[in-house]
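What follows is a set of notes on a single structure, which appears directly below.
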Amino acid sequence: DSGVTQTPKHLITATGQRVTLRCSPRSGDLSVYWYQQSLDQGLQFLIQYYNGEERAKGNILERFSAQQFPDLHSELNLSSLELGDSALYFCASSVGDQPQHFGDGTRLSIL
Amino acid sequence: AQKITQTQPGMFVQEKEAVTLDCTYDTSDPSYGLFWYKQPSSGEMIFLIYQGSYDQQNATEGRYSLNFQKARKSANLVISASQLGDSAMYFCAMREGPASGGSYIPTFGRGTSLIVHP
């Protein structure tokens, strides 16, 4: 058990819809990272938050947004969903330069 | 240029044998960290082992060890006494130092699929 909790585990929705993925980091970890994993793109970094503030941005689409709340949990919002957004979305957390610990992921399927 | 290269898309090993998964990296930052993760078919990403660029000793965690050759820029994962449960994708990743603005975002390789035969 990594200590990082992601919900839901599976999500099935249709094109054009909006979904919210939730992540609770490990106790004491201030940084939260979001990743997208698809077969063709591999593991892609999307965005990082540190103690409520956006710290770094990666290959995140404008249709996607995220935030980290005062209790340090984070949400990733995906809107105007397209078939190509089907992927496994991971949240990870860490403290400083220590290794990241990943949640179990949310498997998003767009029909 | 790729920062992390895993040249073996797939590897096969007999149960109880040792196996080495290759990883080479590219950085000019003197301070960096190298990680290995395991992703079983169930999908979760499991942290295995970490090596800092200034660490003098090779990292070990149980049956996992990291063969760190700094001059060659390689960080191979060695799994001793393979078990059937070791069958999974293995990802090598590198985190560069404070020059990245303290974001510590790792770059991941494309992974190596390991299959352990009984």
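Each reported figure results from applying straightforward, stated rules to the coordinates on display, with no laboratory input. Being a predicted model, the structure only gives us computed values, none of them experimental. Virtual Cβ from ideal backbone geometry, glycine too; neighbours counted across all protein chains shown.
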Report summary line: Between A:T5 and residues 5 or more places away or on another chain, the pairs with built amide H atoms under 5 Å apart involve A:S24
Query - Segment A:E82-A:A14, length gained on full extension (0.36 nm per residue, minus Cα span) - result: 23.7 nm
Query - Long-range tail of P(r) for chain B (Cα pairs > 16 Å, %) - result: 58
**Report entry** Long-range lysine pairs (8 or more apart or interchain), the protein assembly as shown, Cα under 30 Å
**Finding:** 14
Requested in this report: Could you run the Karplus curve 6.51 cos²θ - 1.76 cosθ + 1.60 with θ = phi - 60° over the stretch A:45-60 and give me ³J(HN,Hα) per residue in whole Hz, x for Gly and Pro?
Outcome: 6, 9, 6, 10, 10, 10, 6, x, 10, 5, 10, 8, 10, x, 7, 9
**Report entry** Karplus (6.51, -1.76, 1.60) ³J(HN,Hα), θ = phi - 60°, over the stretch A:24-39, in Hz, Gly and Pro reported as x
**Finding:** 10, x, 4, 4, x, 7, 9, 9, 10, 10, 10, 10, 10, 10, 10, 4
Query raised in the report: Karplus couplings for the stretch B:62-68 from phi (6.51 cos²θ - 1.76 cosθ + 1.60, θ = phi - 60°), rounded to Hz, Gly and Pro as x?
Result: x, 7, 9, 9, 10, 8, 9
Report task. Within the stretch A:30-82, report the trypsin sites (Lys or Arg not before Pro) that DSSP leaves as loop and that have at most 14 other Cβ atoms within 10 Å. Result -> A:R63
**Report entry** Distance histogram for the protein assembly as shown (every C-alpha pair counted, 10 angstrom bins, percent rounded to whole numbers)
**Finding:** 8, 33, 35, 20, 5, 0
